[in-house]
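S.K.: Pasting a structure below so you can have a look.
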Amino acid sequence: MYLSPQDWSPRFDDSFFTIQIRSFHRLSAMPQRRLCGGNTHHPAYYYEITVRRGHAEWKVMRRYSEFQWLHRQHGISSNSNEMTLPTGMCFLELHSDDLARRRLELLQEYMDDLLRVSGNSDSEAVRTFLELDR
């Protein structure tokens, strides 16, 4: 079960988790094996997600196309008023740290909204995306 970062405490058992997206890195190669969607052949911004479950903590690096994959796995259309995934960058904006920083904040909001919906935090797609089955 997902708890927002402000409600999180390590005293909760392993059935509870939280995430925070705190930083991003522009990388020219994938940082790890890809478990979900994403084009890994070009330089891109990777967003560092800190996952906490019980007393365990780990980091997952995901690029924007992997957030799009997660969005599609939950059957959310791009016209949905339920949740909005921040827009992608065009090639000319690829080097914009300011845009990546703004997107980081919007991705945190998006993930909070997604994970608060009943059943989403237990979905196979979320478990894969956040590597919850470690």
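The values are calculated or read from the model by the stated rules, or taken from the named source; none is laboratory data. As the structure is a prediction and not an experimental result, all values here were calculated from the model. Note that we place each Cβ from the backbone using ideal geometry, even for glycine, and neighbour counts take in every protein chain shown. To get the accessible areas, we keep the full protein, side chains included, count just its heavy atoms, and leave off ligands, DNA and RNA. Shrake-Rupley method; radii C 1.70, N 1.55, O 1.52, S 1.80 Å.
S.K.: Roughly how many Å² of SER4 are accessible to a 1.4 Å probe, to the nearest 10?
M.R.: Using a 1.4 Å probe on the heavy atoms, I get roughly 10 Å².
S.K.: Further question: So what does GLU109 come to for accessible area, using a 1.4 Å probe and Å² rounded to 10?
M.R.: Looks like 110 Å² after rounding.
S.K.: Here is a further query. With a cut-off of 19 Å, note down the residues of segment 2-18 whose backbone N falls inside the zone around a label point 7 Å from the Cα of ARG127 toward its beta carbon.
M.R.: So the set is 2-3, 13-18.
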